[in-house]
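Report on one structure; see the data block that follows.
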Amino acid sequence: MAGTDGGRPSIYPTLLYADAKKAIRQLTDAFGFTELSVYEGEDGTVLHAELAQGNGAVMLGSKGRGGVFDAAMKDAGPAGVYVVVADVDAHHQQAVDHGAEILMPPTDQDYGSRDYMARDLEGNIWSFGTYTPETGA
């Protein structure tokens with residue numbers, strides 16, 4: 001299948017933050033992401049960062065750093081990202097312990113998933129749950 005490389009994900013949500021360093025702290029501390037890499041400009045602006053969760057990852061950077069992507073995202077609204085986790089209740093508790101804004105507590109869904117929803121510091125919606133979409137791969 002085109003776009004795959006040794007089991008690496010082929011889709012990476014990409015977000016820009018006014019305070020990317022603070023976003024990285026929240027995503028790692030409250031939501032359990034692992035920091036893979038962070039590249040900063042001379043002024044401390046986060047040019048590019050990669051954070052992993054399970055077998056997926058998200059890329060992010062600072063707003064206002066220039067370039068085509070920054071310009072295209074200038075007036076974009078918040079994004080929604082779904083992340084599969086093994087233990088929704090423990091993950092939720094970690095988020096609560098780190099002060100994350102919880103929009104929906106762990107809830108059993110009609111389609112068999114258990115998930116919860118939170119908002120990050122800049123309004124993006126993160127859903128964490130047990131549902132794993134079948135991709136046919």
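The values are calculated or read from the model by the stated rules, or taken from the named source; none is laboratory data. Predicted, not measured: the structure shown is a model, and the values here were computed from it. Heads up, the Cβs are rebuilt from the backbone with ideal geometry, glycines too, and the neighbour counts pull from every protein chain shown. Just so you know, the surface numbers come from the protein's heavy atoms only, side chains and all, with ligands and any DNA or RNA stripped out. Shrake-Rupley method; radii C 1.70, N 1.55, O 1.52, S 1.80 Å.
Magnitude of the charge dipole for the stretch 70-137, about its Cα centre and with charges confined to Cβ atoms of Lys, Arg (+1) and Asp, Glu (-1), is about 80 debye.
The slack in the chain from residue 38 to residue 90, taken as 0.36 nm per residue of separation less the alpha-carbon distance, amounts to 16.0 nm.
Simple spin-label estimate for residue 69 and residue 108 gives 4.1 nm between the two label positions (7 Å along the Cα-to-Cβ direction from each Cα). Just to be sure I follow the definition: excluding the sites themselves, where is the longest run in the chain that has none of the GluC sites (Glu not before Pro) in a DSSP loop with at most 10 other Cβ atoms within 10 Å? In the chain, the maximal stretch lacking such sites is 43-133. Over the stretch 49-136, Cα pairs under 8 Å with separation of 6+ residues give a relative contact order of 26 percent.
Placing unit charges on the Cβ atoms of the charged side chains and taking the dipole of the chain about its Cα centre, the candidate lying farthest along the positive direction among 80, 96, 117 is 80.
For the stretch 24-119, the solvent-accessible area works out to 57 Å² per residue, with a probe of 1.4 Å and every protein chain left in place. From largest to smallest, the equivalent ellipsoid semi-axes obtained for the stretch 38-137 from the alpha-carbon gyration tensor read 29, 16, 13 Å.
Computed in the context of the full set of protein chains, the accessible area of the chain at 1.4 Å probe radius has 51% of its extent on carbon or sulfur. Using a Gaussian network model of the chain in which every pair of alpha carbons under 10 angstrom is joined by a spring, one finds that among 17, 39, 116 the greatest mean-square fluctuation is at 39. Taking Cα atoms only, the orientation of helix 20-29 departs from the longest principal axis of the chain by about 20 degrees.
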